[in-house]
Structure formats: C-alpha cells, structure tokens
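*Asks:* Please read through the structure below; I'll follow up with questions.
The values are calculated or read from the model by the stated rules, or taken from the named source; none is laboratory data. None of these values were measured; they are calculated from a predicted model. Positions of Cβ are backbone-derived with ideal geometry, glycine not excepted, and every protein chain shown enters the neighbour counts. Heads up: the accessible areas ignore ligands, DNA and RNA and are worked out on the full protein's heavy atoms, side chains in. Shrake-Rupley method; radii C 1.70, N 1.55, O 1.52, S 1.80 Å.
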Amino acid sequence: MLVSLSEYGELHGKSGDTLRRLAERGVLKTAYKIGRNWVVDSDEVYPVTKRSKRGVHSLLPEQLNLSVENSTCRSDDTAGNTCARYSNESAEKSNGIIYTPTDLAEYVANKMIETRVRAKDKYYILDPAIGNGELVVAFLNALNNRFGSPEVIVVGYETDADIIPRTEQRIVECCANARITIENRDFLELMGGSTNQRYDFIIANPPYIRTQILGAAKAQGIAALAGLDGRIDIYYAFLVFAERLLTDDGVAGFITSNKFMTIKAGQAVRKYLTVNTDILRITDFGDTKLFAASVLPCVIVFRKKQSPVETIHTSVYESKECEPSHYPDNIFDGLTGTKNVELQDGRRFSIIVGTLQSSQDGLPWRINTTSRKSWLAGIERNTVKRFCDLGKIRVGIKTTADNVFIRDSWEQEEFVPELIRPLITHRNAGQVSPDSHFLWQVLYTHTVINGKKIAYDIEEYPNTLRYLSAHREQLEGRPYVKKANRNWYEIWVPQNPEAWGKRKIVFRDIADTPQFWLDETGAVVNGDCYWIDFYNDISEDDILLALAVANSSFTEQYYDVCFNNKLYSGKRRFMSQYVEQFPLPDRNSHDAQAAIELIREIVYAPVLHRQKEIILSEINTFVNAAFSR
C-alpha cells in the first residue's frame, strides 16, 4: 500500500527529512516520486543502513535459497532489505549481529519453566536459530533456578560459522553442566529429511520474511515441508516443526510477529496450532517497541496436545489517553494483570489479561474477558447483516508503475494523454464525506466492451501512445505483465472499469480512526484505499447506515476487540477481511433510522467542519444504542 513519506515516518517514528534522504539515496527500495511528492510502500521494513558482515544464506540448498539464521539480514540484498528481525541492535551492530533483548529472553524462559512441573535428570534443549545464544542462556539460568543443576544437552542451528565458537563458549560459561552442539546449517534443511531426536524444550526467535519477499516458489517449498496451505511467513514453518520435535511433555517458547494471530494468511498456522498443541500462553507486546525492527512482536508458549487448557492471553498496547494506576520500572514488571501503566520514559500502556478465543477453523485469535464476551454477545443479538452482505470489498488499482501512470496534474505535458481519469487516493480521506475534493489523475488503460474487460488500443489515442512510448523501456521491464500475455502498456490490476461509475464507499487501509466516505464522482480508486462495490439490490438506507456504523466510535472498539491489527502510533489496518465482518443493526430500528438521517444531512447538505464533528458525535450515540437493544 503506497503512503506518503510523512505517513511512513509516523509508522516508524522517523522524520520526513531523514526519509527523504534515504529515498533519494535509494535505501528505501519501494520509494519513488509521483509529481513532486515521494511515496513508499507501507509494508517496507525500515532499513538498517549499515552493511552487514553476515550474509543471507540458503534455507534449503539448491531449492529455496533464503536465510533462517537468528540474527541478521544483509543490507545490500533484496531479501535482506525487506526481512525483519525482531531484535535490538547491540553494541556489536558494527559486526552485523542483532540479538534478542535480555529482558525479553528472560521473560520467555521463565514462562516456559512455569509450565513444567516434573523434574528430570537430563534435559534436551533446542534453539533452531541460535545466534549469540541469548535465549539459551536465559533459559538455562531459569532452568537451574527451578530444578537445581540437571544435566543439559543443548542443540543449536546457526548459518554463520564465525559466531558459533563464541556462542558455545558463552553457553558453557553460563552453565557448566551443559553440553553444547551447534550445527552450521539451516534448521529447515534438517526438516527436509528426518530426525528421531525429540526435545524437552524448544526456544526460538526465528526469522521473519514475508511471502512477497520469499517469492512464490520458495514460499510453496516451505509450505510443502510444513504441510501448510496458502501464503506463509517463514516463521510459520518453525512453529510447526517445533511441535513435531517436542517430547510428549515438552514445551516450546517462541518470539514471533503478532500478525499471524489475525491476518488471513495466518489461518493455516493458527489452525495447526489449535488442533495439534495446547497453547499455554500468548503475550502480544503490540507497539511496545521492544525491537529496532518495525515489527509488533508476541510470545507464544505451547506443548503437544494433551488435554483442554485455558490459554492465558495478555495484550500490551500504547494508550496515550489512559490514566495510569501503576508505574513499573519496565513493561515486564507490569504484566501481572489488567491495568494501565506508565513507564519511566513517560509512555503509557493499556494491559489486558484474559483468555484466548480460538477455533479449529482458523478464525482470527482474540483476547477474551468476561466484559468483552458480554459486549460481543449483545452485538450478535442486534446484528442482522454484515458489510459483506452489501457488496464486494475490493482494493484499488495497482499500476506497478505509479510514476508513469499517476500524477497530481498532467498540465505540464505538451500532449496530455486522452485516457486520463480522476483518481481517489488517501489524500481525499474523510468521515462520511471526503476531506479534500482535489483528485489526482491516472492514465487508465482499460474499458469494457460487450461485457468483457479489455485494454484500450492505444494506437487509436495518439497522445497516450506518444506518452507511454516514452516510458516503454520501464513498462516492458515488468516480466509478470509479459508472462500473463498482457500488453506492455497496461495497468497491472485495473479492477472492473464499469464499477467506477457506481456509487461506492471508499476507505483508507491505514488510519488511526476509521475514514469511510461516499463517492458519487465516478472516479477510479487507487491502491492505497479500498472500496465497497455494492450489489445492485442494496438500498440507499443500507449504504447510509453502513457509513454511520463504519465511522463510529463503536467500530473502533469492535475492531480492537475482534481484530486489533495495529501498527505503531495506534494506526489500524482496515483490511477487507476485517471490514467485511463489520456488523449492521436492523435499519428499521429507531436508532438506526436516526443515524441514517444524520448521515443524509452530511452527504446532501454540506456542513462546516465543526458542524460535522457535532453530527458525528450524535451518530456515535445512535449507533451504540442500535447494538445495545
């Protein structure tokens, strides 16, 4: 999703000047100019700009060719620039080594030890991405504190041969009763074969590389090894293989991204863990910024499936408006129950402790408390349909060459292309109505003839032909266009050209508050927004009620309870898989009709900004009441 540099900066806590310099130097790999303004893919991980000594090694030799090491990415490699390690940069950053923070390692270790009640004379421990051994050292300390000094066999995997001797020495110095073996190979290579070894404890902070970076063939290879369907992140495979390598009473503790708990791509691994393991604890550290990488982490502790267990689920998210009741020295000291805390640096967090709501069909995981269960039950009683019943929720167009196709103005062109159309972008975002009516423009290459979507024959449009031919080398450099037997000049994802002329609700993908607005201009929607393509039988009251619900404070609360996919600075991801589940009350109820009339007032009788705020506040009251009958 393309965003401006200032919006990207808000996500990562960086200044616009810093990001502009990185963009100009080519460090931000997806950044380019549209007119006078820089844009960048919101999913691009903020880069580590120092060159790393440690390379990205192959995951499955001669088959997958990507890294599974614990602690680094290569700054001059495409995968390295976009992979994220959930780790703090230590004093050894100059050596390209990045480690798990000590306090987080100790938290994971202690939570794992808490679940083990039976002592043994000998323990087998595995870290499949061992790095400098931070997790293993923390675990051995916790183990010795709980069970004395049992014999310990530690096995690790590490792709960087240089670090192995130091890691082995560190572990031996920490725990004299430990025998340590670190293999200089990729852990997932082992899983391509077979092994009879089982472990009492598996602790890991595996690499995080998204499907888009892995590439289809590599992702499918990993998925096949792990027995997972659909899109995957590499750490999914580590979770699956950990379950397979545990002893019957073994325990695993992992640090991962929290995204797998709620996104559609995480459905397969959620289902696998629910069916095959007892999940003992999940701690979602949200936007605590424990790591330098722009990833929101979580800790998950599980064992092989034994008997029904109630999972302890804790979430920690920054809440600038909350009133603190506790002032711990660090966030870990505050995780003893539901409360609001303020840390020594002034940041405030809302901590919620409940149980995990999961299901074997892979639905998003969420935290349950008594009050939340009661609140959601009331909503279900008053829900008559959902947003998915109104129409298809679609993402905007993807040109894959925005610098060619999209501009804020085409007036500087001597020969303005004939196929220019108005374009809605995130700049127009507002609640109910757009905050800005100035539309950018797109050279739109598609039409519909006899019910079939086709590309225009640009030979019939001389200005368009002249302009696109000047950019032919760049456009022909898109191999996927050629592979799909498409014309070299086409927009990659044009959506349905006939749909633009219909009334539609447009909304931003990334926003701190919901911004859903009505469009009746016939404009094309850009890829930084979604829109609802309504079915033909949907009434105006249904559309206006959807606007009321979508822009209400009720929806913010519903989103946080059911999905809670947040970025830094509290920004929410209004993805189609979430929005399609937003509930709608009976449109004929008194409260729903009152909300509809207020929305109609905003849409059809232009109001001042202050008046709009007052009306939206009234709408909040009616929407909440409509779900509370």
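Here is a yes/no grid of residues against (1) within 19 Å of residue 298 (Cα to Cα); (2) touching a helix residue (DSSP H, G or I) at 6+ places or on another chain (Cβ under 9 Å); (3) open to solvent by less than 40 Å² (accessible area, probe 1.4 Å); (4) not in a helix (DSSP H, G or I):
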residue	(1), (2), (3), (4)
109	yes, yes, yes, no
113	yes, yes, yes, no
118	no, no, no, yes
123	no, yes, yes, yes
138	yes, yes, yes, no
154	no, yes, yes, yes
160	no, no, yes, yes
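*Asks:* Could you say whether any residue in the stretch 615-629 is open to solvent by less than 20 Å² (accessible area, probe 1.4 Å), acidic (Asp, Glu), part of a helix (DSSP H, G or I) and modelled with pLDDT of 95 or more?
*Replies:* no
*Asks:* Mind listing whichever residues of the stretch 581-603 are crowded, with 17+ Cβ neighbours inside 10 Å and touching a Cys at 6+ places or on another chain (Cβ under 9 Å)?
*Replies:* 582
*Asks:* Take residues that are over 25 Å from residue 577 (Cβ atoms) and tell me which of the strands (runs of 3 or more DSSP E) falling wholly in the stretch 442-516 contain 3 or more.
*Replies:* Result: 446-449, 452-455.
*Asks:* Let me ask something additional. Would the stretch 560-579 turn up any residue that is open to solvent by 20 Å² or more (accessible area, probe 1.4 Å), more than 29 Å from residue 363 (Cβ to Cβ) and not hydrophobic (A, V, I, L, M, F, W, C)?
*Replies:* For the stretch 560-579, residues open to solvent by 20 Å² or more (accessible area, probe 1.4 Å), more than 29 Å from residue 363 (Cβ to Cβ) and not hydrophobic (A, V, I, L, M, F, W, C): absent.
*Asks:* From the list 287, 278, pick out the single residue that is open to solvent by less than 10 Å² (accessible area, probe 1.4 Å) and at pLDDT below 90.
*Replies:* 287
*Asks:* Restricting the first residue to the stretch 234-252 and requiring it to be over 19 Å from residue 186 (Cα atoms), which pairs with a second residue that is open to solvent by 10 Å² or more (accessible area, probe 1.4 Å) and among the hydroxyl-bearing types (Ser, Thr, Tyr) meet a Cβ separation below 8 Å and a spacing of at least six or different chains?
*Replies:* Sorted first by the residue in the stretch 234-252, then by its partner, the pairs are 247/124; 247/199; 250/199; 251/115.
*Asks:* Only residues that are out of contact with any Leu (no Cβ under 8 Å at 6 or more places or on another chain) and either within 20 Å of residue 244 (Cβ to Cβ) or among the polar types (S, T, N, Q) (or both): list them for the stretch 271-287, please.
*Replies:* 271, 274, 275, 276, 277, 278, 280
*Asks:* Sticking with this structure for a sec: Starting from the stretch 333-362, take each residue that is over 21 Å from residue 273 (Cβ atoms) and list its partners that are at pLDDT 90 or above and aromatic (Phe, Trp, Tyr), counting only C-beta distances under 6 angstrom and pairs at least six apart or across chains.
*Replies:* Every condition considered, the pairs that remain are 341/349; 342/327; 350/317.
*Asks:* Quick check on the stretch 576-584. Is at least one of its residues over 20 Å from residue 391 (Cβ atoms) and not in a helix (DSSP H, G or I)?
*Replies:* no
*Asks:* Any chance the stretch 314-321 includes a residue that's touching a Phe, Trp or Tyr at 6+ places or on another chain (Cβ under 7 Å), of a type in the set (D, E, K, R) and surrounded by fewer than 16 Cβ atoms within 10 Å (Cβ to Cβ)?
*Replies:* No, because not a single residue in the stretch 314-321 is touching a Phe, Trp or Tyr at 6+ places or on another chain (Cβ under 7 Å), of a type in the set (D, E, K, R) and surrounded by fewer than 16 Cβ atoms within 10 Å (Cβ to Cβ).
*Asks:* Related question: Inspect the stretch 230-238 for any residue being open to solvent by 10 Å² or more (accessible area, probe 1.4 Å), part of a helix (DSSP H, G or I) and either modelled with pLDDT of 70 or more or out of contact with any Leu (no Cβ under 7 Å at 6 or more places or on another chain) (or both) and give the result as yes or no.
*Replies:* No, there is no match, as no residue in the stretch 230-238 is open to solvent by 10 Å² or more (accessible area, probe 1.4 Å), part of a helix (DSSP H, G or I) and either modelled with pLDDT of 70 or more or out of contact with any Leu (no Cβ under 7 Å at 6 or more places or on another chain) (or both).
*Asks:* Looking only at residues that are in contact with a Leu (Cβ under 8 Å, 6 or more places away or on another chain) and β-branched (Val, Ile, Thr) in the stretch 435-451, which one is surrounded by the fewest Cβ atoms within 10 Å (Cβ to Cβ)?
*Replies:* 445
*Asks:* Kindly provide the set of residues from the stretch 526-555 that are within 29 Å of the chain's Cα centre (by Cα) and not in a helix (DSSP H, G or I), ordered by number.
*Replies:* Once the filter is applied, which keeps residues that are within 29 Å of the chain's Cα centre (by Cα) and not in a helix (DSSP H, G or I), the stretch 526-555 yields 526, 527, 528, 529, 530, 531, 532, 533, 534, 551, 552.
*Asks:* While we're on this one: Of the conditions (1) open to solvent by less than 10 Å² (accessible area, probe 1.4 Å); (2) touching a Ser or Thr at 6+ places or on another chain (Cβ under 6 Å), residue 527 satisfies every one except a single condition; which number is it?
*Replies:* Unmet condition: (2).
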